[in-house]
Amino acid sequence: MNRDAPTLHLKPKKDGSLHRRHPWVYAGAVERVGGRPAAGDTVRVLGADGGFLAHAAFSPSSAIRARVWTFDEAETVDAAFVAARVHAAVARRAPLMPASDALRLVFGEADGLPGCVVDRYGDQLVVQFLSTGVERWRDTIVDALVAATGCAAVYERSDASAREREGLALRSGPIRGDVPAPVPIVEHGVRYRVDVVAGHKTGFYIDQRDSRALVREHAAGRRVLNCFCYTGGFTLAARHGGATEATSIDASGEALAMAAANERDNGFEAPSTWLQANVFDALKTLLAEGRQFDLIVLDPPKFAPSAQHVDAAARAYKEINLKALRLLAPGGLLFTFSCSGAIDADLFRRIVAGAVVDARVDAQLLRHLAAGIDHPMAMTHPEGEYLKGLMLRRM
Ligand code: SAH
């Protein structure tokens, strides 16, 4: 504990969220800053009465002015503290190791490392430092990761826009080891190559592991349509599960090239159909052609990057779900997702229910879907929830 640390004094009545153990201090809640903390320095957050609330990382240019390290005044935020958080996060993922070579080892606030994301692909680690606090402890975190995992290669993908909101420049490149070639991984027996340098996010949608396994379980004998297929995640799961045919759509030629290569890597001699198109147009064409499918996956990009985009996003989600429901044969299954944090699970369900009504079909909700348990959410930080999905059956 460091009593000489700089301080963040909150305005009266602005301490409620910290008492509820929410890990963010918004700029509007701050009355004044005591001392001269630099970006990423640890500050003592104090209530209007001067009482201690938390140790937090200071972020002078962000709307989130500080992110909490700990609510325990007796703790000291130093290299040992940060390294212990890394080791604990890695240890919590150990039970998942047999399922896949691709795991999220660290997930920000939920693992007590706000703004830090670490994914593991085989022996390659990929890190994102998306806040001033973890940026300040970058070397400590990398050393601890190498020690905790035994992985020697660490690649940085701190190129997400969240960094700009923190006043940090974008940065990517190797921290340990060389620039990696696409990394082969095996997830539940399915082989994929992951481009950690140029792929989306850190290269692969690790968060959909459980849902890919579920699609595989239900694919036998079905004609599959996978919309927004990226590098073929759901398509290959469905083929391994015995799908009779598969059509996959994405706008990106590079993603589709990787998808087709992944299909060959899995030993499927006959290629399935990979279509480079805008999904909104392609769904219209498929409907006009009178096509039918028995299993459809809709896993679009984030349509609502923030609260202002919710209305337009809701219309877009409704449109694709409506068309997918019309393309489903009776008894067909729809796996539909949203990764927009600004659209919560309840709103998403209402949007899809609206699509069911307008499609004039009957549908059953079979399951609520979410990211795997290597993507936890802190119970006091609902903003951490982003991926939600529904498994429906058309009657
Ligand atoms: N389901 C994938 C992840 C999807 S990511 C998986 O499990 O790996 C979203 C994908 O949608 C990206 O590959 C992006 O290229 C694609 N995309 C975005 N907008 C699109 C559009 N309008 N039409 C087709 N593809 C689109």
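Each label was represented as a point 7 Å from its Cα along the Cα-to-Cβ direction; for R367 and A198 these points are 3.5 nm apart.
Mind ranking 306-314, 15-23, 81-89, 350-358 by how tightly packed they are, going by the mean number of other C-beta atoms within 10 angstrom, highest first? Mind showing how you got there, number by number?
On the way: 306-314: 14.2, 15-23: 15.8, 81-89: 19.0, 350-358: 17.3.
So the peptides 306-314, 15-23, 81-89, 350-358, ranked by packing, come out 81-89, 350-358, 15-23, 306-314.
Per-residue Karplus couplings for the range 329-345, computed as 6.51 cos²θ - 1.76 cosθ + 1.60 with θ equal to phi - 60°, are listed in order as 6, x, x, x, 10, 10, 10, 10, 10, 9, 10, 7, x, 6, 10, 7, 4 Hz, Gly and Pro entered as x. When C151, C339 are compared by accessible area of protein heavy atoms, the largest-first order is C339, C151, using a 1.4 Å probe. This model, with +1 at the C-beta of Lys and Arg and -1 at the C-beta of Asp and Glu, gives the range 305-395 a dipole about its Cα centre of some 500 debye. Max-minus-min Cα coordinates of the range 79-176 on each principal axis give 39, 26, 21 Å, with the largest extent listed first.
Between A288 and D159, what FRET efficiency comes out of the Förster formula 1/(1 + (r/R0)^6) with R0 = 41 Å and r the beta carbon distance, rounded to 0.05?
On the way: r = 39 Å, r/R0 = 0.96.
The calculated FRET efficiency here is 0.55.
In a fully extended conformation the segment linking D78 and A63 would gain 2.9 nm over its present Cα-Cα distance, using 0.36 nm per residue.
You can think of it this way: the chain between A307 and E319 has 2.4 nm of extra reach, that is 0.36 nm per residue less the Cα-Cα gap.
Straight Cα distances below 16 angstrom link K388 to the aspartates and glutamates D207, D210, D299, D344, D346, D374, with same-chain residues fewer than 8 positions distant left out.
Largest GNM mean-square fluctuation across L287, L214, L334, computed for the chain with C-alpha springs under 10 Å, falls on L287.
How large, in percent, is the carbon and sulfur part of the accessible surface of the chain at a probe radius of 1.4 Å? Display every interim value, and only then the final one.
Details: 8640 of 16870 Å².
The nonpolar share, carbon plus sulfur, comes to 51 percent.
By a 1.4 Å probe calculation restricted to protein chains, D72 has an accessible surface near 70 Å², given to the nearest 10.
Let me check I've understood the local charge: for A359, count other residues with C-beta under 13 angstrom from its C-beta, Lys and Arg +1, Asp and Glu -1. What total comes out? Present the calculation step by step, with values, prior to reporting the outcome.
Numbers: positive: K318, K323, R326, R360, R394; negative: E319, D358, D362.
Summing Lys and Arg as +1 and Asp and Glu as -1 gives +2.
Using C-alpha pairs below 8 Å separated by at least 6 residues, the relative contact order for the range 79-176 is 23 percent.
Legend: P(r) of the range 7-70 from all alpha carbon pair distances, 10 Å bins from 0, whole percents, reading 26, 64, 10.
Skip the ligands, DNA and RNA, and give the accessible area per residue of the chain with a 1.4 Å probe, whole Å².
On the way: 16870 Å² over 395 residues.
In whole numbers, the chain has 43 Å² accessible per residue.
List the aspartates and glutamates whose alpha-carbon lies under 15 Å from that of K14, not counting same-chain residues fewer than 8 positions away? Cα-Cα hits under 15 Å: E31, D49.
Once the other residues with Cβ under 10 Å from the Cβ of G28 are scored (Lys, Arg +1; Asp, Glu -1), what is the net sum?
Details: positive: K11, K14, R65; negative: none.
Net charge in that neighbourhood comes out at +3.
Over all Cα atoms in the chain, the spread is summed up by Rg and Dmax: 22.7, 72 Å.
Listed by chain and number, the lysines whose C-alpha is less than 17 Å from the C-alpha of K323, apart from same-chain residues fewer than 8 away, are K284.
The values are calculated or read from the model by the stated rules, or taken from the named source; none is laboratory data. Small disclaimer: the values here were computed from a predicted structure and weren't measured. Cβ coordinates were reconstructed from backbone atoms using ideal geometry, including for glycine residues, and neighbour counts include every protein chain displayed. We work out accessible area using only protein heavy atoms, side chains counted, and drop any ligands, DNA or RNA first. Shrake-Rupley method; radii C 1.70, N 1.55, O 1.52, S 1.80 Å.
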